[in-house]
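A short worksheet on the structure shown next.
Read-outs throughout are calculated quantities, based only on the coordinates presented, and are distinct from any laboratory measurement. Small disclaimer: the values here were computed from a predicted structure and weren't measured. As a convention, Cβ positions derive from the backbone with ideal geometry for all residues, glycine included, and neighbour counts pool all protein chains shown.
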Amino acid sequence: MLRQDFNRVNPKRRNVDYRKRQFADPAYKEIEYPHRLNFYEIPPTADITLEQFEQWAIDRLRILAELEACSYRIKSAAEMATHMKPILEKYMPLDSNTSSSTTLSAQRQKDHYSHFILRLAFSSTEDLRRRFNRFETLLFRLRLNDDTARDRNAFIHSLNIDWELVSEEERNKYSSELTAMSGFRKGTEEESWYKVNWERVPDLIESRRVFLRAGTAYVPSKELPSMVVAEFTKRLDRALELTARALPRLDEDDRLTPILDHLSKNFATPDASYSNTNSMAIGAEISARNIDNLSSHFPLCMQHLHRSLRRDAHLKHYGRLQYTFFLKGIGLNLEECLIFWRSSFHKITDDTFNKEYRYNVRHAYGEVGGDSNRRGGGYSPFSCQKILTEHPPGPGEAHGCPYRHFNLENLTALLQGVGISDRSVLQGVREDKDQQKFHMACNRVFEFVHKNEIKKAKDENLLPSSQLETIVHPNEYFNRSYKLKHLDKQTGNEDVKMEGF
Ligand code: SF4
């Protein structure tokens, strides 16, 4: 399914092992997409580029990660559907057959391929398989509910699921039970019933929405979508098991393995690169002397670095790196950044500062160092994923993410130190931390601190919906915090995009 990109393939590996060839099954088969929805039964075989492979997977991952975030933050299905609608439209729109879209086939191809790419990435462990299935099912359910009635019926009938329409005779025989179960009036159109093995519809049985007799469940037609969703989950479960068994055959593919590894790690905390074009906190004075004021908009990791710096007049190497890149990302220019660090390290002489620290700050801005660093304008600010997973802090170091790297007692003290003492928020943070949902804890705190502004922004439609997505980057935290507190001055631009590799 990948278009050959010979420059990126190790020449020694052109002699592909026969088992791999068998797994890859290169036979091309034209695939048509008559329906908006897909059970993903047929693997894709057409060529795509490595870039499409990566980007499509990242776009789908963004959706699954947001669904996971929703499952922690948003309670009702209707709220989730409203929240997800613009995100789905942004990353993976799927128009209906009745729309006038000219890109139906391309949309469906991206949906199809990205599902299979992530299936490869998430089938290696039971935990990943379970999570992938859970959020793919949620996505499928959202789309099914959003389908037009005509598209949905056509799709359901294309599935050839072995459910049997209950005959007129049998319906009459059990009419009192069926009526009691559903409350349907005899003679209405909604009276069609289907017979399926009871194991197919455990959730309907649990909620007593079907009539059960001798191991057969009698399901009213209005419950067909639930049956379809249950079937989707069951088939995906089986398919993921099969993929897991085939995975070792992919091990030697040095184009795909690193991408798939990165994607699977990315499920815990979606990665994001930060682009500061169009993203400055409009109206903010980003200067050395104003950092103390602006720090009230910083996420906890950066607030902790700032407080440590103010307390000790010093930060160790990784703390300086993490904080310098962040400050650069909020728009502090090199000159102001040098002033900031020089005045913050007030216990040392100019000479020591110039010898030991000046170069590193200039390097971060791409003023010195190798050509590529200079051309690229220095390094990008660290994402949450990077801070959470790389270089955990040792004794005396202040970098990292407090939600991950602090023990509960110190984390609670830090939160209280920055004014978060609401018991339910602290309890929620504790639970997030226990479940290793560190960025969810951070989003929880953000939502608590900005609850009034978020409500106003939603009620008055003051910010684009992308500004209400889950935060996965410290600089996004800052920008969003600043914008929310200064709603009247903002136009709300896009700030963060999913990162390549
Ligand atoms: Fe910082 Fe991200 Fe941790 Fe929040 S989740 S404290 S932004 S690293």
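Points worth noting:
- Taking amide H atoms as placed 1.01 Å from N in the peptide plane, the amide H of residue 213 lies under 5 Å from those of 218, each 5 or more residues away in sequence or on another chain.
- Between the amide H of residue 193 and those of 166, distances stay under 5 Å, these residues lying 5 or more places away or on another chain, with hydrogens modeled in the peptide plane.
- For the listed residue pairs 316/386; 222/451; 222/437; 110/328; 85/455; 110/195, the alpha carbons are over 27 angstrom apart in 222/451; 222/437; 110/328; 110/195.
- Scattering profile of the range 84-227 at q = 0.11 Å⁻¹ [log10 I(q)/I(0), Debye over alpha-carbon scatterers]: -0.57
- Sorting 458, 90 by the number of Cβ atoms found within 10 Å of their own Cβ, with the fewest placed first, yields 458, 90.
- With a cut-off of 16 Å on the backbone N, the residues of the range 192-221 near the modelled label site 7 Å out from residue 162 along Cα-Cβ are 195-201, 215-217.
- The phi-based Karplus calculation (6.51 cos²θ - 1.76 cosθ + 1.60; θ = phi - 60°) puts the 3J(HN,Hα) values of the range 133-144 at 4, 4, 7, 5, 5, 4, 4, 4, 5, 4, 5, 4 Hz, whole numbers, x for Gly and Pro.
- Based on the Kirkwood approach, the hydrodynamic radius assigned to the range 310-439 is 16.5 Å, with every pair of different Cα atoms included.
- Förster radius 35 Å - calculated FRET efficiency between residue 102 and residue 175, Cβ distance, rounded to 0.05: 0.10
- In order along the range 57-62, the Karplus-derived 3J(HN,Hα) couplings, from 6.51 cos²θ - 1.76 cosθ + 1.60 at θ = phi - 60°, round to 5, 5, 4, 5, 4, 4 Hz, and Gly and Pro are given as x.
- Neighbour-count ranking [beta-carbon atoms within 10 angstrom, fewest first] of 424, 158, 192: 424, 158, 192
- Long-range amide H partners of residue 48 with built H, under 5 Å: 2, 3
- Karplus-derived 3J(HN,Hα), 6.51/-1.76/1.60, for each residue of the range 87-100, Hz, glycine and proline x: 6, 5, 5, 6, 8, 7, x, 9, 7, 7, 5, 8, 6, 9
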